[in-house]
Amino acid sequence: MKCPLCGNLDDRVIESRQNISGTSIRRRRECASCAYRFTSYEKVEEVPLMVVKRDNTRHSETQNNKK
């Protein structure tokens, strides 16, 4: 992760916590160069499952289960 103060790419994670609902993670980080501490938030991006048929058409997994 890039330090917002000096732009260095080397950092270490000091603390990680999940939010109450479990949908995101908050990480406290410290820059290895300037020792600036900053927070990053990570959220899981859900991508729907796709099925590729023999004729190369694509359908979402939920559409295939309804048939």
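The values are calculated or read from the model by the stated rules, or taken from the named source; none is laboratory data. Remember, predicted model here, so these are calculated numbers, not experimental data. Note: ideal-geometry Cβ built from the backbone for every residue, glycine included; neighbour counts use all protein chains shown.
Of all the residues in region 50-61, those that are surrounded by fewer than 10 Cβ atoms within 10 Å (Cβ to Cβ) and either at pLDDT 95 or above or not in a strand (DSSP E or B) (or both) number 5. Residues that are at pLDDT 95 or above, under 16 Å from PRO4 (Cα atoms), touching a strand residue (DSSP E or B) at 6+ places or on another chain (Cβ under 8 Å) and not small (Gly, Ala, Ser) within region 14-42 comprise ARG27, ARG28, ARG29, GLU30, CYS31, TYR36, ARG37, PHE38, THR39, listed in sequence order.
Just so you know, in region 1-38 the residues that are assigned to a strand (DSSP E or B) and among the hydroxyl-bearing types (Ser, Thr, Tyr) include one that is nearest to the chain's Cα centre (by Cα), and it is SER24.
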